1. Can you tell me the orientation of helix 8-17 relative to the chain, as the angle in degrees between its alpha-carbon axis and the longest Cα principal axis, to the nearest 10?
2. Output wanted: per-residue J couplings in Hz (rounded whole) for the stretch 53-65, from phi through Karplus 6.51 cos²θ - 1.76 cosθ + 1.60, θ = phi - 60°, x for Gly and Pro.
3. Using 0.36 nm per residue of separation minus the Cα-Cα distance, give me the extension gain between Asp98 and Lys34 in nm, one decimal.
4. Give me the dipole magnitude in Debye, nearest 20, for the stretch 4-121 about the Cα centre, with unit charges on the beta carbon: positive for Lys and Arg, negative for Asp and Glu.
5. Which lysines, on any chain, are close to Lys114 with Cα under 22 Å apart, when same-chain ones fewer than 8 places away are left out?
6. Enter the angle in degrees (range 0 to 90, nearest 10) between the Cα long axis of helix 108-121 and the first principal axis of the Cα atoms of the chain, meaning the one along which they spread out most.
7. Compute the distance in nm between two label points, each set 7 Å from the Cα along the Cα-to-Cβ direction, one at Leu16 and one at Met1.
8. Could you calculate the contour length gain from Asp81 to Asp45, that is, 0.36 nm times the residue separation minus the distance between their Cα atoms, to one decimal place in nm?
Amino acid sequence: MPTVDLTADSFESTILDNDIVLVDFWAEWCGPCKMFAPWYEQVSDQHDDVVFAKVDTETEQALAASFNIRSIPTLMAFRDDIMVFSQPGALPQHALEDLVGQIKALDMDEVRAKIADHESSHQH
């Protein structure tokens, strides 16, 4: 599946409407982003059940700011509308493949339970 460009308008609906969404925050001037882009495209072709999205931090500055993007590329992954991964830096292709497998293997009931526990322990 080819990658899709996300904007502030399409971001939320894309995350909500798909089980797994990877988001690559990038910019045209960023050397590591250009190195990472072909790997990201290749891995996206192997996973029709995952949305591989890109956010151009130059044209979508408010969206990048809302996620506190400080360095690019930054890769985020969402599953069932929950951010399950966020890391700056270009991943090697094999690590990206591995990450997709790990996200698919997550027990989301367990993830939601951990979030609920975390939130309840931080309420006064």
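1. Here the helix axis deviates by roughly 50 degrees.
2. After applying 6.51 cos²θ - 1.76 cosθ + 1.60, I find 10, 10, 10, 7, 5, 6, 8, 10, 4, 5, 5, 4, 5 Hz.
3. Here the answer is 21.0 nm.
4. With Lys and Arg at +1 and Asp and Glu at -1, about 480 debye.
5. Lys104
6. 60 degrees
7. About 1.8 nm, to one decimal.
8. 10.7 nm
Any read-out appearing in this document is the output of simple, stated calculations on the displayed coordinates, not a laboratory observation. Please read these numbers as outputs of a predicted model, since none were measured by experiment. Neighbour counts run over all protein chains shown; Cβ positions are idealised from the backbone, glycine included.
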